[in-house]
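The values are calculated or read from the model by the stated rules, or taken from the named source; none is laboratory data. Remember, it's a predicted structure, so these values are computed and weren't measured experimentally. A quick note on method: Cβ atoms are made from the backbone with ideal geometry, for glycine too, and the neighbour counts reach across all protein chains shown.
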């Protein structure tokens, strides 16, 4: 499974996932291009991950996503870790990411609740599709994304400019 944090080629993840992509210049200097293995195949040299505009698993969403915990103040329900937490959009439990103690991943595998919202960056992930979902484009996700944005930043999100 993928997570945006591994695709945003920060210096930290770049060190860990660097492929042997290099280029020899005429002056004999070898340049490290810093591409992750297979990045050129998917056109993601910049680290951009394309979110899906549809998902077959949205029927599992909670019927009431108008009340959710505050993104910045809610620890993992299992281990109380204060950050890198996700909101299950089926049962509204808050659980930590795969980079902490994997409680959201375990929850998804155990319950088949597959759609979750990251409290870190407000991205939405479908564990069954193994993909990010465009929460501003998908009508069923837009209200919970907007509410989480308001709770996190104190104002509504900017209106997306989809072209």
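Residue 82 fulfils the conditions (1) free of Cβ contacts under 8 Å to residues at least 12 places away in the same chain; (2) not in a loop (DSSP other than H, G, I, E, B) except for a single criterion, (2).
How about the range 137-153: which of its residues are in contact (Cβ under 8 Å) with a residue 12 or more places away in the chain and either touching a helix residue (DSSP H, G or I) at 6+ places or on another chain (Cβ under 6 Å) or under 15 Å from residue 66 (Cα atoms) (or both)? 140, 141, 143, 144, 145, 147, 148, 149, 151, 152 - these are the residues of the range 137-153 that are in contact (Cβ under 8 Å) with a residue 12 or more places away in the chain and either touching a helix residue (DSSP H, G or I) at 6+ places or on another chain (Cβ under 6 Å) or under 15 Å from residue 66 (Cα atoms) (or both). Restricting attention to the range 125-145, the residues that are surrounded by 21 or more Cβ atoms within 10 Å (Cβ to Cβ) and assigned to a loop (DSSP other than H, G, I, E, B) add up to 2. Could you tell me whether residue 109 is farther than 14 Å from residue 88 by Cα, in the same structural domain as residue 93 (by TED's automatic domain parsing) and in a helix (DSSP H, G or I)? Criteria not met by residue 109. When we screen 122, 95, 87, 117 for residues that are assigned to a loop (DSSP other than H, G, I, E, B), surrounded by 19 or more Cβ atoms within 10 Å (Cβ to Cβ) and at pLDDT 95 or above, the only hit is 122.
Here is a check on your reading of the model: is residue 75 in contact (Cβ under 8 Å) with a residue 12 or more places away in the chain, over 14 Å from the mean Cα position of the chain (by Cα) and part of a loop (DSSP other than H, G, I, E, B)? It is true that residue 75 is in contact (Cβ under 8 Å) with a residue 12 or more places away in the chain, over 14 Å from the mean Cα position of the chain (by Cα) and part of a loop (DSSP other than H, G, I, E, B).
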